[in-house]
Amino acid sequence: MDFGMANRLSKIFRNDDRTVMLAVDHGYFQGPTTGLAEFGACIPPLAAEADCLFITRGMLRSCIDPGLNASICLRVSGGPSILGELSREDVVVSIEEALRLNAAAVGMSIFVGAPDEERTVASLGRLVSEAERYGLPVMAVTAVGKDMARDARYLGLACRMAAEAGVRIVKTYYCDNFEKVVSGCPVPVVIAGGKKMPEMAALQMTVEALKAGAKGVDMGRNIFQSDNPAGMLRAVKAIVHDQATAEQAFAIYRDG
């Protein structure tokens with residue numbers, strides 16, 4: 001691995017080869033969703049606690065202090081809103097701009113099982129080809145087609161397709177038999193938090209995902225929609241980096 005690629009990945013994954021990414025890119029298709037409506041007020045304090053921030057260029061430029069120590073994974077896909085067919089996304093940010101914004105990685109979604117599956121997978125391949133020329137890692141987000149279950153068979157298919165396309169990181173959902181998803185994907189897998197759930201459930205999911213081989217999380221709503229976002233982020237970090245149990249992490253969340 002070239003120095004540039006290895007160096008950028010080291011800014012995402014700590015020395016323990018794990019990461020706590022904070023996903024705050026939801027507005028690119030959802031608009032001012034709950035927890036992100038007043039982005040500049042609520043997210044910058046959380047960003048300072050994360051290992052990496054998954055964010056769009058607009059919010060990065062407008063709301064994030066350039067002195068931020070966390071690395072940046074830049075969302076580079078977009079197009080349709082939540083009102084349309086999300087699988088019609090395309091790459092909307094250039095590699096040149098990602099480098100100018102000092103991104104450690106770029107990320108986009110693929111929609112396996114959706115109407116425009118081939119469009120997103122082909123776009124991912126082109127993005128990887130261009131990004132690799134500059135030593136820039138690509139993270140694939142395995143979005144879920146409307147008729148596809150979040151099970152090991154489907155997620156294993158989507159993650160393997162992403163790895164075969166050449167990505168350096170895959171973000172996917174946790175599911176039963178998650179170890180099968182991880183074993184079939186030869187690049188680091190981080191889990192999405194998905195829809196907001198009770199804090200203890202989200203922490204237990206994190207523990208189980210790590211046991212199954214995940215290298216960390218790229219969690220959003222289960223942090224910024226919590227009644228104690230900062231405490232929840234610290235709780236997730238304690239699990240990922242300090243091997244805390246879900247019960248120990250819940251005490252960190254509760255105590256703030």
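The values are calculated or read from the model by the stated rules, or taken from the named source; none is laboratory data. Since this is a predicted model, take the numbers as computed values, not measurements. Cβ coordinates were reconstructed from backbone atoms using ideal geometry, including for glycine residues, and neighbour counts include every protein chain displayed. Surface areas here come from the heavy atoms of the whole protein model, side chains and all, with no ligands, DNA or RNA. Shrake-Rupley method; radii C 1.70, N 1.55, O 1.52, S 1.80 Å.
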The residue from Leu74, Leu9, Leu36 that alone is out of contact with any strand residue (DSSP E or B) (no Cβ under 7 Å at 6 or more places or on another chain), under 25 Å from Glu130 (Cβ atoms) and of a type in the set (A, V, I, L, M) is Leu9
Reported set for region 10-30 where residues are farther than 18 Å from Ile191 by Cβ and modelled with pLDDT of 95 or more is Ser10, Lys11, Asn15
Going through region 10-29 in order, the residues found to be under 14 Å from the mean Cα position of the chain (by Cα) and either of a type in the set (A, V, I, L, M) or assigned to a loop (DSSP other than H, G, I, E, B) (or both) are Ile12, Phe13, Arg18, Val20, Met21, Leu22, Ala23, Val24, Asp25, His26
From the option list Leu155, Leu203, Leu233, Leu210, single residue qualifying as among the aliphatic types (A, V, I, L, M) and closer than 20 Å to Val112 by Cα is Leu155
Counting only helices (runs of 4 or more DSSP H) wholly inside region 30-114, the ones holding at least 1 residues that are of a type in the set (Ser, Thr, Tyr) are 57-63
Within region 158-168, of all residues that are over 16 Å from the mean Cα position of the chain (by Cα) and either touching a residue at least 12 places away in the same chain (Cβ under 8 Å) or buried (at least 23 other Cβ atoms within 10 Å of the Cβ) (or both), the one nearest to Ala104 (Cα to Cα) is Gly166
Here the residues within region 49-84 that are open to solvent by less than 40 Å² (accessible area, probe 1.4 Å) and acidic (Asp, Glu) are Asp51
Inset, instruction - Answer yes if at least one residue in region 214-224 is at pLDDT 95 or above and farther than 30 Å from Ala41 by Cβ, and no otherwise. - result: yes
- Message: Scan region 36-43 and tell me whether some residue there is in contact (Cβ under 8 Å) with a residue 24 or more places away in the chain and surrounded by fewer than 19 Cβ atoms within 10 Å (Cβ to Cβ).
- Response: yes
Within region 87-131, the residues that are within 19 Å of Gly27 (Cα to Cα), open to solvent by less than 40 Å² (accessible area, probe 1.4 Å) and at pLDDT below 95 are Ser87, Glu89, Phe111
Residues in region 15-35 that are closer than 20 Å to Ala70 by Cβ and either loosely packed, with under 15 Cβ neighbours inside 10 Å or in contact with a Cys (Cβ under 8 Å, 6 or more places away or on another chain) (or both) total 8
Scanning region 208-252 for residues that are among the polar types (S, T, N, Q) and either free of Cβ contacts under 8 Å to residues at least 24 places away in the same chain or closer than 21 Å to Ser183 by Cα (or both), the one least open to solvent (accessible area, probe 1.4 Å) turns out to be Gln248
